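Data block below; observations after.
The values are calculated or read from the model by the stated rules, or taken from the named source; none is laboratory data. Quick caveat: nothing in here was measured; it's all calculated off a predicted structure. When we count neighbours, we look across all protein chains shown, and the Cβ atoms used for this are built from the backbone with ideal geometry, even at glycine.
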Amino acid sequence: MSVALSDAISAVERGDLAAGRALLLEIVARDPANISAWLWLARTYDDPGKRQECLQQVLALDPDNDQALELLTQPDTARLGRAVDSGASRSSKALRLAVEGGLGALLLLIGAFLPIVDVAPFGPLSFWQIDRLMSQTYGALFVGMAVVSLLFVAVRRFTWLWLTGLASFVLLANAFAQLFVFQNSLTFSDIHWLGWLVLFPGAILLMVAAARTSRRFA
């Protein structure tokens, strides 16, 4: 399966029929013998006549194609009902992904400003405060990845949340390991768990939303 066809199918499955249709029309213009593209293009039309044109293209290429024959022999009302049910299901899945991805991004954003360590004489410090005191960039990175994740959610690119979710988790694990060594070597520091208990679930939620999309079990 080509990358373009995969992108088109992903768009149709998440309910963005207009974007999927545009990609599929480009594919069949370049490759009129692409049966899969014609079948998916048929799914993007509510107009029975448009759907039938696409399915006739499939049958011209493969007269015994079971999917095309089934769709053509079904009553229009049945096809419309299934399309409505399928659209509602996709909308529900997209909403759940948006909630998971958005919540994960917000947890990252909030967690960057919550305490992760107690250091004398400063007291509880967040990643953002540590950045300013010790010329680090962890806090800025978490804020940046939270903002980018929210943008991914806004444009429904849920699979891209793998980038920010995995990067956040790796950064958190690295920072926690360094802090643990620092805690053992210096007696005036202690781990503050509030920030960690917000940041780690945020990174995990981003990866969960991405996994639900890429593995099609949303």
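A few points about this structure:
- Qualifying positions in the range 1-55 - of a type outside the set (D, E, K, R), in contact with a Leu (Cβ under 8 Å, 6 or more places away or on another chain) and not in a helix (DSSP H, G or I): 33, 34, 44
- Across the range 85-121, the number of residues qualifying as modelled with pLDDT of 80 or more and surrounded by fewer than 15 Cβ atoms within 10 Å (Cβ to Cβ) comes to 3.
- Conditions (1) surrounded by fewer than 14 Cβ atoms within 10 Å (Cβ to Cβ); (2) among the aliphatic types (A, V, I, L, M); (3) more than 26 Å from residue 159 (Cα to Cα): number failed by residue 55: (1)
- Residue satisfying all of: in the range 91-146; of a type in the set (Val, Ile, Thr) and under 29 Å from the mean Cα position of the chain (by Cα); farthest from residue 194 (Cα to Cα) among these: 99
- Residues within the range 110-145 that are under 17 Å from residue 176 (Cα atoms) and assigned to a helix (DSSP H, G or I), tallied: 12
- Pair list, Cβ < 7 Å and 6+ apart or interchain, from the range 123-134 residues that are farther than 18 Å from residue 107 by Cβ to residues that are of a type in the set (Gly, Ala, Ser) and surrounded by 12 or more Cβ atoms within 10 Å (Cβ to Cβ): 130/139; 131/139; 131/140
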